[in-house]
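Read-outs throughout are calculated quantities, based only on the coordinates presented, and are distinct from any laboratory measurement. Everything numeric in this text was worked out from a predicted model, so none of it was measured. Please note: Cβ atoms are built from the backbone with ideal geometry, for glycine as well, and neighbour counts cover all protein chains shown.
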Amino acid sequence: MIQRFLGVSIGALITFLILWVSTVVNVAEGDLLTWYVAAAVIGAIGSFFWPVVAGIWIHRRRKARRDNQIDEEVQRQVAEQNKG
């Protein structure tokens, strides 16, 4: 349920941003249908692939934490060896 809500929200945000950029750049004088279709397609792709991007980000974050824990443990063991 939350995943679907986030997907729809991200897709809507991407669609809104593309349409907003098209009006800021003043491209609206041309064919509006192509901008609407492009915004809808890119928004749909964004809402479909957001779990992949979030998974990659979470995996990298988890790996960095694990590497930090390993480094701390190694430093602790080296400090104990130097003491004794």
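General observations
- Degrees separating the helix 2-24 axis from the principal Cα axis of the chain, which is the longest one: 50
- Ranked by the mean number of other Cβ atoms within 10 Å of their residues, highest first, the peptides 18-25, 64-71, 44-51 fall in the order 44-51, 18-25, 64-71.
- Relative compactness, the chain, computed as alpha-carbon Rg over 2.2 N^0.38 Å: 1.94
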